[in-house]
Amino acid sequence: MASAHPSTLAQPTSLDLNPRSRTGAPASKPLLEDLRLDYGPIQDIGEFLLRCNRCLGDCGIELHLAPISEIARINTLEQSSWGPFTPILDTRVGDLTAEESYCFVGRNRDGRIVAVQGGRVFEGGERSLQDLADDQSLYYGKGGQPGPGQPTCIVTSPSARLIKGRFVYSGALWVHPEFRGFNLAALLPRMSRAYALGCWGTDVTFAFVSDQISSSPLFRSYGYHKLEPSYSIYYNGEKSYQGSLMWMDQDELVADMLEFGSAGIAEIDRRIGLGRGKNKSAAIG
């Protein structure tokens, strides 16, 4: 897989979706407040994020940018409808900073958290996704190692050796059951991918999906076309998760974003017009 150097994505101008200064920003704030885009097709990304944000508002959700540690906290509170999430974004497993990670938190009109989406950016350089998985820095960061009882991973997907440069893991998607009729499982991952491209200039976006979901209609909503086994998580030598690698390069990301920006958001608008749906699909890890 060819991977462009991040500097080739930089544009001569940037785009501020809100021109206020970013200094002294609160721990949690509306996602588009003070957001500056410096990479990729910034005008297209900006318009896409604005449209998605308006769509979420029509659903009764305000999206905030929060510390990455919020994922673990919210997951603990919402176990009944969420279940385990990836160690890649778990701050109880490895240290993560705001310079390499992000967390979207959606709140309803009463202030209750009803949606989560996160991401972690890796500066791989010449080290591939396979290298990061082999030495466990995919979970624990550079030089980190699992302690007793902590998770480890094994990746055998051939394309993991080709994913290099600056790449982002986009995952930990959760939507409260009351809001699963709006197809937010399609909207939030695309916002995550566009956000990472615009803010970091990512070459590749990747995620992992369980065997159960990859064989279900829900998989198609994510927008990935490349799927390759296998990825496994182990605790104390016992396999706890089995899935596959899914990924897209920056050109595929932009093409999918533009297509969804016309047809996908229109479908969500239609669902909003029909009233709250009763989607019975399982929670997304």
Scanning segment 209-264 residue by residue, those open to solvent by 20 Å² or more (accessible area, probe 1.4 Å), outside any strand (DSSP E or B) and among the aliphatic types (A, V, I, L, M) turn out to be Ile213, Leu218, Val254, Ala255, Leu258, Ala263
Here the residues within segment 67-90 that are part of a helix (DSSP H, G or I) and of a type in the set (D, E, K, R) are Glu70, Arg73
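Return a yes/no flag: does segment 233-242 have any residue that is polar (S, T, N, Q), farther than 17 Å from Arg161 by Cα and at pLDDT 95 or above.
Yes - at least one qualifying residue is present in segment 233-242.
Among Leu197, Leu173, Leu138, which is under 13 Å from the mean Cα position of the chain (by Cα) and either surrounded by fewer than 24 Cβ atoms within 10 Å (Cβ to Cβ) or more than 30 Å from Glu33 (Cβ to Cβ) (or both)? Walk me through how you get there before you give the answer.
Details: Leu197 fails: either surrounded by fewer than 24 Cβ atoms within 10 Å (Cβ to Cβ) or more than 30 Å from Glu33 (Cβ to Cβ) (or both); Leu138 fails: under 13 Å from the mean Cα position of the chain (by Cα).
When all the criteria are applied, what remains is Leu173.
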Within segment 1-53, the residues that are within 21 Å of the chain's Cα centre (by Cα), modelled with pLDDT under 50 and within 23 Å of Gly261 (Cα to Cα) are Leu9
When (1) surrounded by fewer than 14 Cβ atoms within 10 Å (Cβ to Cβ); (2) part of a helix (DSSP H, G or I); (3) among the charged types (D, E, K, R) are applied to Asp44, the one that fails is (1)
Quick check, is Ile113 surrounded by 21 or more Cβ atoms within 10 Å (Cβ to Cβ), modelled with pLDDT of 95 or more and under 13 Å from Trp174 (Cα atoms)? no
Here the qualifying pairs (Cβ atoms under 7 Å; residues six or more apart or on different chains; first in segment 137-164 and part of a loop (DSSP other than H, G, I, E, B); second loosely packed, with under 13 Cβ neighbours inside 10 Å) come out as Gly141/Asp95; Gly149/Asn236; Lys164/Glu126
Taking segment 74-104 and the residues there that are charged (D, E, K, R) and over 26 Å from Gly201 (Cβ atoms), the one that is surrounded by the fewest Cβ atoms within 10 Å (Cβ to Cβ) would be Arg92
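The values are calculated or read from the model by the stated rules, or taken from the named source; none is laboratory data. Fair warning: this is a prediction, and the values are worked out from it, not measured in the lab. Cβ atoms come from the backbone with ideal geometry, glycine included; neighbour counts cover every protein chain shown. The area values use the complete protein model at the heavy-atom level, side chains included, leaving out ligands, DNA and RNA. Shrake-Rupley method; radii C 1.70, N 1.55, O 1.52, S 1.80 Å.
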